[in-house]
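Each remark here refers to the structure printed beneath this line.
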Amino acid sequence: MAWKRSRVQFPPAPPGFCFEASYLRKRLLFLFNLKDPEGTMHFKQEAGRKDFIAGPANSSMVAEDIVEEKYPFLKVEKKWRGRWAEEDLCVVEDHGDRPKYYCLEMFPYPSGKLHMGHVRNYAIGDVVARFKTMQGHDVLHPMGWDAFGLPAENAAIKHGVHPSDWTWENIAAMREQLKQLGVSYDWRRELATCHPGYYRWTQWLFLQFFHRGLAVKDKAPVNWCPSCATVLANEQVVNGGCERCKSPVEKRELAQWFLKITEYAARLLNDLKQLPGWPEKVKIMQENWIGKSEGAEAVFPIPGSQEKIPIFTTRPDTLYGVTYMVLAPEHPLVEKLTVPEKAAAVAEFVARARNLSELMRTAGEGEKNGLFIGSYCINPLTGEEVPIFIANYVLMEYGTGAVMGVPAHDQRDFEFARKYNLPIRVVIQPPGEELAPETMTEAYVDEGVLVNSGPFTGMENLPAMRAITAYLEENGSGRGRLNYRLRDWLISRQRYWGAPIPIVYCGRCGTVPVPEEDLPVLLPYDVAFKPTGQSPLKDCPDFVNTACPRCGAAAQRETDTMDTFICSSWYYFRYTSAREEGGPWDRAKIDRWLPVDQYIGGVEHAIMHLLYSRFFTKFLCDIGLVGVEEPFTNLLTQGMVLKDGAKMSKSKGNIVSPEDIMARYGADTTRLFILFAAPPERDLEWSDQGVEGCARFLNRVWRLVNAVLPEIKGSHLPKQRLIGVNRELRRLTHLTIKRVTEDVERFNLNTAVSAVMELVNGVYRFVDCVPKTDRDAGVLREAAETILLLLAPFAPFLSEELWARLGHRGSIHRRPWPKYGPALLVQEKVTVVVQVNGKVRGRVILPAEAEPKEMEQEALREPRIRKILADKDVVKVITVPGKLVNIVAR
């Protein structure tokens, strides 16, 4: 903005000062945030006066009401945090008259400090919550803590701090950080999953699964460190060794508790179609995880034995091509079917396979190793005996733990057969070709015609799938079947810091659930944490030893605790009734608030947490505790915050602390940058320059509103029709309302901020270029108020402060969201492009509603066009109202 063009109106120079160039210069420095080489200026407002008094930086005058050159965010934030808490600004009642809106961000693990990923998640959610509140909704916007977990135990071992103390101290620190950020949480509903008042109901929900046969105990392979004598989570196994002692980790089978999520596999898959508000990528990830397969189960008998090997295949059309069978090393038949001379080699192979991670065993590029165990099984269709192998790429947890080998029509089987010199039999020929096993370089996996397939030879393979499946059923050798990749949910954890499983083991009564009236089963506080990481619960006799709830005899408690995903699978219900003691929630409140209207969190939770939450909700609906089958209507998965192209991490040394940024620039700037820098669903690259740019923008808003305050206070929009620059500013104001409203509703938060920036620029141009005598103060006031209303969800502190300075009573966050007038969006004048024979030759300014004839006449009258057409005949004129006139001439 050039100074020589400035028409900003200045107050009279104060008494004793000469109205000189230096005074003008310093007023411009104040308005436009330019550097003052002579030092900072102080401005004070005297009682009864509307002008500002300027004094040198070392003036001894004491200001009564300082209007700072820069937004004083520390003072403003402290002021409004206190006011909002006093007025319960963010508290929502459960039985209001307004439509409900439940906005929820995934709650954090209380690690002690917020990171920028947290800030992004919660800032996005806060914009939505504040926006919906201003649109007239009762908004439930709670916060809590996913507080159980292994890091707390690690802290206990490393630092000698009890997990409970470590967790609650971290919760207090992070709660304060969230309040500093200005997120509009209803803190009355705060919960922590490690609080007995919460995990009492986690245990109660476990019992509901148990009583209905959906919580069962069974054997499962686990990671076992023989040196530490404890089970390790997958993330504690590094390169096949224990992360603590580096000893090789073994696979062992231990009795574990499961929830039978597989009983809900079909519904979990089919109901994804009922979630149009979810990203397609998340639904696809869940589809793949559930992994529905349609095919056939075929049974391969063992000659001379009653044993049989069932397999599942999606390609029953290739059954005639089976030339070998593969069992998982952990398959219970391996030991039975291994011939004595192979026993030692098989045992060694099994031990090696057990120590490989699931990922290493199933990775497509990994080497496929196998071993013949000396036995055979019979192909139920051909009657042929085929050799039985064990191989590292077959897992007991998938399907039946057995896979038929069809090397001619499966690439993995083809490579395995070539490696171990096994026969390859072609049973599907491509149309018009004839494959020969000895010349094949890869498996043929496409459609074709069956050959070497008994009575099915000559059939196309797709109808042959159904025919062969029917044949298996008729002969008692198999059946059609749906198979799911999804496995039952293993919830046992051999850890201390988790919700105890409410089960007692009695020598007389067996497995006995703890009576509901005896819940919660409390975690003991006085326990000893061993350097090995072994759970201290087993060595706590006061916890382990108890009486059987049925017969009163001596009994022992279950010492496993629950997977923390159990705690996070129902917390969104508890928020509706966070202090309820008569049950996990109040059903009337559940019916008022559920389902969650908008859920926000990282895509890394697309499978585990989101799938488990859907499973919980369906189960709870089935037993009549809730009235919804899906917990989250809409889902937004925000991208990561990167620095230097990589995810922020301590190891990379690229961490940016939210506390440091808020201390230097304030909460509003921190929020605004994180919302403006990228669309929410995309990764965001951190930029120090971008943060500074957002700080400058908020300072411009601060100076603008304070500068126009004397002019607009008490003003109102005129009743007469506006014209010229005043109408154009009002049009820009209403156009911005429309853009921001639509952008926020579509989660285009970055472009919403950009639209507000454009309006601020427009108001600056209006104030700078239009004489005060020509400006309508009511239009200017509407523009200034609109800036603040639109910024309120993004920069809540600055908006609140400036709103109050405009003379408003009550919080800006309780004001209605502004609405635009459609008639005000229409331009009075538009620039119309004039073409001659398709080439741009000029432009004319016309009324926006000009008719085609008027457009044609004005275009032909334009001097440059008249000169071009001087020696030509006009053949026809094509008009596009408000945009274009194309003259065809020759």
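Structure values in brief
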read-out	value
From the options 619, 632, 615, residue that is touching a helix residue (DSSP H, G or I) at 6+ places or on another chain (Cβ under 6 Å), in contact (Cβ under 8 Å) with a residue 12 or more places away in the chain and more than 20 Å from residue 694 (Cα to Cα)	615
Qualifying residue in the range 653-667 (condition: under 27 Å from residue 71 (Cα atoms), touching a strand residue (DSSP E or B) at 6+ places or on another chain (Cβ under 9 Å) and surrounded by 14 or more Cβ atoms within 10 Å (Cβ to Cβ))	yes
Out of 765, 739, 731, sole residue that is within 14 Å of residue 820 (Cα to Cα), over 36 Å from the mean Cα position of the chain (by Cα) and in a helix (DSSP H, G or I)	731
Exclusive hit being surrounded by fewer than 17 Cβ atoms within 10 Å (Cβ to Cβ), in contact with a strand residue (DSSP E or B) (Cβ under 7 Å, 6 or more places away or on another chain) and in contact (Cβ under 8 Å) with a residue 40 or more places away in the chain, set 303, 329	303
Cross-chain or 6+ apart pairs with Cβ under 7 Å, the range 380-398 first and at negative phi, then in a loop (DSSP other than H, G, I, E, B) and of a type in the set (Gly, Ala, Ser)	380/477; 394/328; 394/401; 395/328; 396/328
Selection from the range 824-842 of residues that are open to solvent by 50 Å² or more (accessible area, probe 1.4 Å), over 49 Å from the mean Cα position of the chain (by Cα) and under 30 Å from residue 731 (Cβ atoms)	841
Filter result for residue 645 (open to solvent by 20 Å² or more (accessible area, probe 1.4 Å) and touching a helix residue (DSSP H, G or I) at 6+ places or on another chain (Cβ under 8 Å))	no
Qualifying residue in the range 65-72 (condition: over 30 Å from residue 525 (Cβ atoms), in a strand (DSSP E or B), at pLDDT 95 or above and not β-branched (Val, Ile, Thr))	no
Among (1) crowded, with 19+ Cβ neighbours inside 10 Å; (2) more than 17 Å from residue 700 (Cβ to Cβ); (3) without any contact (Cβ under 8 Å) to a residue 40 or more places away in the chain - the single one residue 759 does not satisfy	(2)
Extreme residue, surrounded by the most Cβ atoms within 10 Å (Cβ to Cβ), among residues of the range 419-459 that are assigned to a loop (DSSP other than H, G, I, E, B) and of a type in the set (S, T, N, Q)	453
Filter result (open to solvent by 40 Å² or more (accessible area, probe 1.4 Å) and not acidic (Asp, Glu)) within the range 460-469	462, 463, 465, 466
Selection within the range 375-418 - closer than 24 Å to residue 303 by Cα, assigned to a loop (DSSP other than H, G, I, E, B), open to solvent by 40 Å² or more (accessible area, probe 1.4 Å) and of a type outside the set (Val, Ile, Thr)	383, 384, 396, 399
Residue 399 being at pLDDT below 95 and of a type in the set (Gly, Ala, Ser)	yes
Tally, over the range 111-131, of residues that are under 23 Å from residue 643 (Cα atoms), out of contact with any Cys (no Cβ under 9 Å at 6 or more places or on another chain) and not aliphatic (A, V, I, L, M)	9
Selection from the range 122-146 of residues that are open to solvent by less than 10 Å² (accessible area, probe 1.4 Å), in contact (Cβ under 8 Å) with a residue 60 or more places away in the chain and assigned to a loop (DSSP other than H, G, I, E, B)	142
Every residue from the range 843-856 that is in a helix (DSSP H, G or I) and surrounded by 14 or more Cβ atoms within 10 Å (Cβ to Cβ)	855, 856
Matching entry among 356, 268, 272 (being in a loop (DSSP other than H, G, I, E, B), within 37 Å of the chain's Cα centre (by Cα) and surrounded by 14 or more Cβ atoms within 10 Å (Cβ to Cβ))	356
Single residue of the range 156-204 satisfying the filter (in contact with a Pro (Cβ under 7 Å, 6 or more places away or on another chain) and small (Gly, Ala, Ser)) that is surrounded by the fewest Cβ atoms within 10 Å (Cβ to Cβ)	156
Selection count, the range 298-353, where residues are part of a helix (DSSP H, G or I) and polar (S, T, N, Q)	1
Which numbered condition residue 283 fails, given (1) within 30 Å of residue 387 (Cβ to Cβ); (2) buried (at least 16 other Cβ atoms within 10 Å of the Cβ)	(1)
Test: residue in the range 584-602 that is at pLDDT 95 or above, aromatic (Phe, Trp, Tyr), more than 19 Å from the chain's Cα centre (by Cα) and buried (at least 20 other Cβ atoms within 10 Å of the Cβ)	yes
Residue within the range 484-507 that is among the charged types (D, E, K, R) and modelled with pLDDT of 95 or more present	no
Count of residues meeting criterion [in contact (Cβ under 8 Å) with a residue 60 or more places away in the chain and exposed (fewer than 12 other Cβ atoms within 10 Å of the Cβ)] in the range 507-528	2
Yes/no for residue 885 being touching an Asp or Glu at 6+ places or on another chain (Cβ under 9 Å), open to solvent by 10 Å² or more (accessible area, probe 1.4 Å), part of a strand (DSSP E or B) and aliphatic (A, V, I, L, M)	no
Output for the range 564-574, where each listed residue is open to solvent by less than 10 Å² (accessible area, probe 1.4 Å) and either within 16 Å of residue 500 (Cβ to Cβ) or in a strand (DSSP E or B) (or both)	566, 567
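Yes or no, residue by residue, for (1) of a type in the set (A, V, I, L, M, F, W, C); (2) over 21 Å from residue 383 (Cβ atoms):
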| site | (1), (2) |
| --- | --- |
| 414 | yes, yes |
| 425 | no, no |
| 460 | no, yes |
| 463 | no, yes |
| 468 | yes, no |
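Here is a yes/no grid of residues against (1) more than 35 Å from the chain's Cα centre (by Cα); (2) farther than 19 Å from residue 737 by Cβ:
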{"position": "770", "(1), (2)": "yes, yes"}
{"position": "776", "(1), (2)": "yes, no"}
{"position": "782", "(1), (2)": "yes, no"}
{"position": "790", "(1), (2)": "no, no"}
{"position": "796", "(1), (2)": "no, no"}
{"position": "803", "(1), (2)": "no, no"}
{"position": "807", "(1), (2)": "yes, yes"}
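Conditions (1) under 27 Å from residue 93 (Cβ atoms); (2) open to solvent by 20 Å² or more (accessible area, probe 1.4 Å); (3) part of a strand (DSSP E or B), marked per residue:
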residue	(1), (2), (3)
538	no, yes, no
555	no, no, yes
576	yes, no, no
580	yes, yes, no
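The values are calculated or read from the model by the stated rules, or taken from the named source; none is laboratory data. Keep in mind that what you see is a predicted model, and the values were worked out from it rather than measured. FYI the Cβ positions are ideal-geometry reconstructions off the backbone, even for glycines, and counts take in every protein chain you see. Remember, those area values only see protein heavy atoms, side chains included, never the ligands or the DNA or RNA. Shrake-Rupley method; radii C 1.70, N 1.55, O 1.52, S 1.80 Å.
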